[in-house]
Amino acid sequence: MHTNNDIFNKLSAALDGDVLDSDLSRSLYSSGASLYRILPRGIVQPRTVEDLVATVKCATEHKLPITARGGGTSRTGNELGKGLIIDFSKYLNQVVEFNPEERWVRVQPGIVLSQLNNFLKPYNLYFPIDPSTKDAATLGGMIANNSSGPHAVKYGTTRSHVKELELILANGEIIKTGRTPIATEIPAGNASWAERLYHAIPATIKSYSQFLEPERPFTTKNSCGYHVWDLIEDGIIDFTPLLVGSEGTLGLVSEATLQLSPIPEKVLSGFVYFDDLGNVGAATQEILAEGPSMVEIMEKHILDLAREQKPELAEYFPEHTEASLFIEFQEDSDEKLQEKFESVRKRLLEDNKLAVSVLQARNKQDMATFTKVRSISGPILNRMKGPRRPIAFIEDAAVHVTRLPEYISGLRALFEKFNVKAAIYGHAGDGNLHNMAILDLRQREDVKIMLDLADAVCDLVLSLGGTISGEHADGRLRTQYVVRQYPNLYQAMREIKALFDPENIMNPGVIISENDQLLGQDLKYGPDFSIVHTGTSFDASENQEQIASCSGCAQCRSYCPIASHHLEEWTKGRGKITLLRELMSGKLDRTILDEPEFKEIIDTCINCKRCLTDCPSGVDVPWLSVTSRADVVRRKGEDFSSRILTDTR
């Protein structure tokens, strides 16, 4: 039997990239932006495609699960696993090829969306899918989840903009997707894995063809399960749409060719205010008739919190408002933009009397302020204090916009039934609402409420023909519900998984799983979470509160001068918080404070204090880092360089 050390020493010798298996490294990669904590056996940071192939072959040989990880920004926990975590973000983050005339770019999966768009900006092009995590999310993660964002009403989801993929299969074989003739004859015994797939996958889909339309969600976006629709046309199949949204369960994406869009010439935004939440659905349909690029909702709970926490912006959150819609149009002239807003005003205020008022931006300064106001929902909720916090577990369902009134009223009834305070915001334009229930998952009764409420919301969404996953994918949050959404097609998806990954090493337990209790397991802050006495500053409740406030969103990657340069998890504020949480919960022994690696991690905070202004959760990482340094000094004394620098006599 091979030990961890044997396996990872051999793998490290075979790679140009890095292999990490220390307790510190494993702890750093045990969590992200989701509810979950899962300790991996090791981490690989590959430099080349050859590294990926060698890693997959090693994992297959030793039956080690593989989980791909980009920015670690997933809400659903699909970037966590008990085997090998493959971190694409450190090295495989480059633009490989760019064709501005044909508007496409080929990239490695670890490139961050905002960095790609910065590269494209001089050519007046961009990748138009814009999740809120754009400053930390990688293209590989976006492809895995079929991500979208507020502009989905105009640009759709990631799937619509991926032309081709290069994929490492579970046996280490490399394939490139695209339009490929279906293999009509049974492949010979020496056929490649790809040849077998191009014969077997079309046959599988054909055998379930009678269920394709009946079980297709009545939505404009869908990231639940495998995309088995519209793959075959005139004897040709393209695996690309199938692989987008497959969450790393069918193979590892090593390169992606993306279709680009021109940057809009003219943009105009505004707010619509309502005194009746029930009118929002009808108003959204009226707005969609004018072809907007964005329609976003904030309901009363968030508006009230925003008025309290951001008094300088109170004029944009009028009292007695039940909901607001942020709307945006993109056109090629100012005249067309004005016409659009006039049409919206007439539809909502005069013809149908659905809204109270429409506030239109007058200039670029207004536009910037409006964008700030629109983006306030997440930070407002993240900065809530106390043991009960906004929990993302019913945050991604989507229904067709014509069913939005029923969905919102159904949600409100469920929140009342379960006696749960909750906030509703998100993408009204495609019926994709981010509902955040306020719970304390360290209490068993609140975990039970989470499970029961998730069941009830799933039933509500499916009764409206919707999807349980609109843009965040299934992950550990929703895998147990995939079979409910696709009672017949789930078996087809199971067969597709087995064809691509017969040893079940590619992100096992995600999308396809026998575990119907996945949602409530491996919680980062669950009923089993406890705080141990460490004899350090982190026994103080105010420090523990700071640590618990971190949502794991990884926004710190973009603003921290050290993290944005080094591209290591341990340089991020999130990484430091993860280690301190592991320490105060006893999952890391307090002797870790004596390790040079711990001091190196803490010392990467240069006390620039950007966390105090830019962190969505307002976590004071500089203070926690100073406190950690003080603990190290108390245990070990000052090192020589520190004594020299601080001795001013």
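The values are calculated or read from the model by the stated rules, or taken from the named source; none is laboratory data. Here the structure is a predicted model, which means the values were calculated and not measured. Note: ideal-geometry Cβ built from the backbone for every residue, glycine included; neighbour counts use all protein chains shown. Quick note on the areas: whole protein, heavy atoms, side chains included, nothing else; ligands and nucleic acids left out. Shrake-Rupley method; radii C 1.70, N 1.55, O 1.52, S 1.80 Å.
Working from the pairwise distances between different alpha carbons, so that the mean of 1/r is found and then inverted, what is the chain's Kirkwood radius in Å?
Value: 25.7 Å, from the Cα pair sum.
Once the Cβ-Cβ distance between residue 614 and residue 419 is put in as r, and R0 is 30 Å, what FRET efficiency do you end up with, to the nearest 0.05?
In this case the efficiency is close to 0.25.
Could you give the distance between the Cα centres of segment 478-519 and segment 1-54, to the whole Å?
Taking the Cα centre of each part, segment 478-519 and segment 1-54 sit 25 Å apart.
At most 12 other Cβ atoms within 10 Å and a DSSP loop assignment: could you name the trypsin sites (Lys or Arg not before Pro) in segment 172-229 that fit?
179
Can you give the Kirkwood hydrodynamic radius for segment 1-100, in Å, rounded to one decimal and based on Cα pairs?
After inverting the pairwise mean of 1/r, the radius is 14.0 Å.
Can you pull the Rg over Rh of segment 330-379, Cα-only, Kirkwood?
Values: Rg = 13.0 Å, Rh = 12.5 Å.
Rounded to two decimals, Rg over Rh is 1.04.
Could you pull the Cα extents of segment 480-598 along its three principal axes, largest to smallest, in whole Å?
For segment 480-598, the Cα spread along each principal axis is 55, 36, 24 Å.
Quick check: from the Cα gyration tensor, does segment 237-387 come out rounded (a/c under 1.5), prolate or oblate?
Judged from the Cα gyration tensor, segment 237-387 comes out oblate (a/c at least 1.5, b/c at or above a/b).
How much of the calculated P(r) for segment 377-504 lies past 25 Å, in percent of all Cα pairs?
Within segment 377-504, distances greater than 25 Å cover 28 percent of Cα pairs.
In square angstrom, what is the accessible area per residue of segment 1-126 with a 1.4 angstrom probe?
Numbers: 5000 Å² over 126 residues.
Result: 40 Å² of accessible area for each residue.
Report, in whole Å, the centroid distance computed from the Cα atoms of segment 539-571 and segment 122-150.
A separation of 22 Å, based on Cα centres.
Loop only by DSSP, 16 or fewer other Cβ within 10 Å of the Cβ. Give me the GluC sites (Glu not before Pro) in segment 208-310 that pass, ordered by residue number.
Working: sites: 215, 233, 247, 255, 265, 286, 290, 296, 299, 308; in loops: 215, 247, 265, 290.
Here the sparse-neighbourhood loop sites are 265, 290.
If each Cα of segment 384-437 is one equal point scatterer, what is log10 of I(q)/I(0) from the Debye formula at q = 0.22, 0.24 Å⁻¹?
-0.82, -0.94
For segment 147-204, what is the accessible area per residue in Å² when the probe is 1.4 Å?
It amounts to 44 Å² per residue over segment 147-204.
Checking a compactness column here: for segment 209-248, what do you get for Rg(Cα) / (2.2 N^0.38 Å), N being the number of residues?
Compared with the compact-globule rule of thumb, segment 209-248 sits at 1.21.
Counting only heavy atoms of the protein chains, get the accessible area per residue of segment 360-456 (1.4 Å probe) and round it to a whole Å² value.
On a per-residue basis, segment 360-456 sits at 41 Å².
Checking a compactness column here: for segment 263-308, what do you get for Rg(Cα) / (2.2 N^0.38 Å), N being the number of residues?
Details: Rg = 12.9 Å, N = 46, 2.2 N^0.38 = 9.4 Å.
My calculation over the Cα atoms of segment 263-308 gives 1.37.
Starting from the Cα of residue 455, step 7 Å toward the Cβ, then list every residue of segment 429-445 with an amide N under 15 Å from that point.
Once the point is set 7 Å along Cα→Cβ of residue 455, 445 turn out to lie under 15 Å by backbone N, inside segment 429-445.
At 0.36 nm per residue, and after removing the present C-alpha to C-alpha distance, how many nm does the segment from residue 443 to residue 371 gain when stretched out fully?
My answer for the length gained is 22.2 nm.
Between residue 94 and residue 322, how high is the FRET efficiency from 1/(1 + (r/R0)^6) when r is the Cβ-Cβ distance and R₀ = 51 Å? Nearest 0.05.
0.60
In whole Å, what are the Cα extents of segment 114-242 along the three principal axes, biggest one first?
49, 35, 24
Please tell me the relative contact order of segment 140-256 in percent, rounded to the nearest whole number, where contacts are Cα pairs under 8 Å and at least six residues apart.
So the answer I get is 41 percent.
Find the centroid of the Cα atoms in segment 576-629 and in segment 371-421, then give the distance between the two in whole Å.
Measuring centre to centre over Cα atoms gives 31 Å.
With a 1.4 Å probe and all protein chains left in place, how much of the accessible area of the chain comes from carbon and sulfur atoms, in whole percent?
Carbon-and-sulfur percentage of accessible area, whole number: 49.
Before rounding to the nearest 500, sum -39500 (n - 2.57) across all DSSP H runs of length at least 4 in the chain and divide by the residue total; then give [θ] at 222 nm in deg cm²/dmol.
-10500 deg cm²/dmol
Using the Cα atoms of segment 31-82 to build a convex hull, what is its mean projected area in square nanometres?
Approximately 3.6 nm², given one-decimal rounding.
Using only the Cα atoms, work out Rg/Rh for segment 158-301, with Rh taken as the Kirkwood radius, to two decimals.
1.10
May I ask for the Kirkwood hydrodynamic radius of segment 333-440, worked out over all distinct Cα pairs and given in angstroms to one decimal?
Working: mean 1/r = 0.0609 Å⁻¹.
In segment 333-440 this quantity evaluates to 16.4 Å.
Of all GluC sites (Glu not before Pro) in segment 489-564, which ones are in loop regions per DSSP and have a Cβ with at most 10 other Cβ atoms within 10 Å?
Values: sites: 495, 503, 514, 542, 545; in loops: 503, 514.
Taking segment 489-564 and a limit of 10 other Cβ atoms within 10 Å, the loop GluC sites (Glu not before Pro) found are 514.
Could you state how much accessible area residue 449 has, in square angstrom rounded to the nearest 10, with a 1.4 Å probe and all protein chains kept in place?
Around 40 Å² of this residue is reachable by solvent.
Which FRET efficiency value, to the nearest 0.05, is calculated for residue 629 and residue 47 with the Förster distance at 35 angstrom and r the Cβ-Cβ distance? If you can, show how the numbers build up before the last one.
On the way: r = 33 Å, r/R0 = 0.93.
Calculated value: 0.60.
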